[in-house]
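The block underneath contains the structure these notes are about, expressed in structure tokens.
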Ligand code: ADE
């Protein structure tokens, strides 16, 4: 079963509309919706904003519901000049930029006993890229795709100094508030993951209003890409479709 997470209701809505949902279970104030999409057994959920919400949801997906891979989708702020609004960013790495043990001589983002940059699953990255290419040619959208490092922290970034620092310190191309937590939990549990984000703003002073303005359209594109990805991914085992939650 594939877990699909978004931070916000708006980012998840199309998945709920298009999937065939069977039942829903509430745990830890999160509603997990079970169903099928493009022949895959899936569980859909909105985790809420920030790293703690994302970590709780991810661990529950793994422990209680036994997902075998996780896709996180939603919006992100662009950090580099060549990334424009509506472009797609696929994580090859995630980093939690706000972990700071520099007082002990560690590098920003370094978590003891974990890698500083957490790697997303290469097959999922490849499949997300391919899905983007198909979606782009089918829908004739102008967006480009960038596979790169996504910086994650518990702040909505809207200042140019921070943008500069995230680029130079981590080589990050986009910033958001959940992917690093999903990555850490997945790495610690050996579960493949990928983060697929659409750029809603360029993390500058006007980022908050741009973010709100982008929500609906952006969510259509991310849904389209993930749907395409599911169409292309092999279906593991049809028996999963009837497995008990
Ligand atoms: N998600 C979308 N835009 C963002 C930003 N500027 N900072 C953090 N998370 C975001």
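Bear in mind these aren't lab numbers, they're just calculated from the coordinates by the rules spelled out. Just so you know, these numbers come straight off a predicted model, no measurement behind them. All Cβ positions, glycine included, derive from the backbone under ideal geometry; neighbour counts span all protein chains shown.
Summary of computed values
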item: C-alpha long axis of helix 51-63 to longest principal axis of the chain, angle in °; result: 30 degrees
item: Rounded to 10°, Cα long-axis angle of helix 9-18 versus longest principal axis of the chain; result: 30 degrees
item: Label-point separation in nm, residue 28 to residue 156, each point 7 Å along Cα→Cβ; result: 2.4 nm
item: Full-extension gain in nm, residue 98 to residue 216, via 0.36 nm per residue minus C-alpha separation; result: 39.6 nm
item: Computed over the range 1-59: relative contact order in percent, which uses C-alpha pairs under 8 Å that are six or more apart; result: 40 percent
item: Relative contact order, percent, the chain [alpha-carbon distance under 8 Å, six or more residues apart]; result: 28 percent
item: Neighbour-count ranking [beta-carbon atoms within 10 angstrom, fewest first] of 107, 116; result: 107, 116
item: For the chain, the Rg and Dmax computed from alpha carbons only, in angstrom; result: 16.9, 51
item: Gain in span if fully extended, residue 144 to residue 106, counting 0.36 nm per residue against the direct Cα distance; result: 10.2 nm
item: Estimated [θ] at 222 nm from DSSP helical runs (n ≥ 4, -39500 (n - 2.57)) normalised by residues in the chain, nearest 500; result: -12000 deg cm²/dmol
item: The chain: angle of helix 207-232 to the longest principal axis, Cα-based, in degrees nearest 10; result: 40 degrees
